């Protein structure tokens, strides 16, 4: 009998196998889970820094004139402007007056969230990391990039937004105290208009629950970026013959006599789920990325970089 992905993973096909777990068991499991994450965070932070360094050079700088301290460019003085804005040292080298423009550095609030539930612990032999470890690495790496760009960042539902160069370390410290009962999609309570929210997870809770929470985000006026993390076997579904699937969150078992008979239906339902969420994001002007854990973590980070960079240069803030 082979071990397959969690019953939680297959959406409508297998989620009916969920059962309740006694509170005493949940407390012990949550404590062990929190300790496990705390032990792995130093290594994950190092990995996040390595990933962030790969794209850091392309991140910093919005290349737009505005209030700030970082020099951007000189431009010719225009009649009617305040003479106090003239850079006399640069102008002395030419027959024209020049204005010293600074780069726009208005701080922006970006909230981050990652699903740290037990279904995210899944890792097949084809993957480079578990879904949870990859989600944490992406969250910390993105936090490192945002901090370098001078943005305010926070963990939605877990911390206040901060403006700090060592934000990644502070995020990691916060994660060591997380509660395993945290929802995969955190409450929208702290969201505000013009803020961005990046949520990383497998998005395998019931679709109506996910869409209800996304509707809350939309009502708060935030722009959301969903990053779907998937183990390769969760897409391929390579199982055949008698196969037992176990829900990692409840321990519920689901046995199939010939797994290959449900493979096509499984893949179709998984694709339909993804397309439904992606369509919701398109309708709201949000973004939806997919990432497999057999691929480098730099790929989704670069894609997020492109989307967030576009957002912060469009002037859509108050």
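Using 0.36 nm per residue and subtracting the Cα-Cα separation, the extra length available between residue 189 and residue 284 on full extension is 32.3 nm. The residue 220 and residue 294 beta-carbon pair, evaluated with R₀ = 51 Å, returns a calculated FRET efficiency of approximately 0.90.
Note on residue 209/residue 242: beta-carbon distance plugged into 1/(1 + (r/R0)^6) with R0 of 51 Å gives a FRET efficiency of 0.95. Scoring 148-156, 110-118, 232-240, 255-263 by mean Cβ neighbours within 10 Å over their residues and listing the highest first yields 110-118, 148-156, 232-240, 255-263. Using a simple spin-label model with pseudo-atoms 7 Å out from Cα toward Cβ, residue 100 and residue 260 lie 7.3 nm apart.
Computed over region 184-307, the alpha-carbon pair-distance distribution with 10 angstrom bins reads 11, 37, 32, 16, 4, 0, each value a whole percent.
If R0 is taken as 45 Å, the Cβ-Cβ distance between residue 269 and residue 174 corresponds to a FRET efficiency of 0.80.
Quick note: the coordinates plus some simple rules give every number you see, no bench work behind them. Note that the structure is predicted; figures quoted are calculated from it, not measured. Glycine gets a Cβ as well: all are built from the backbone with ideal geometry, and neighbour counts include every protein chain shown.
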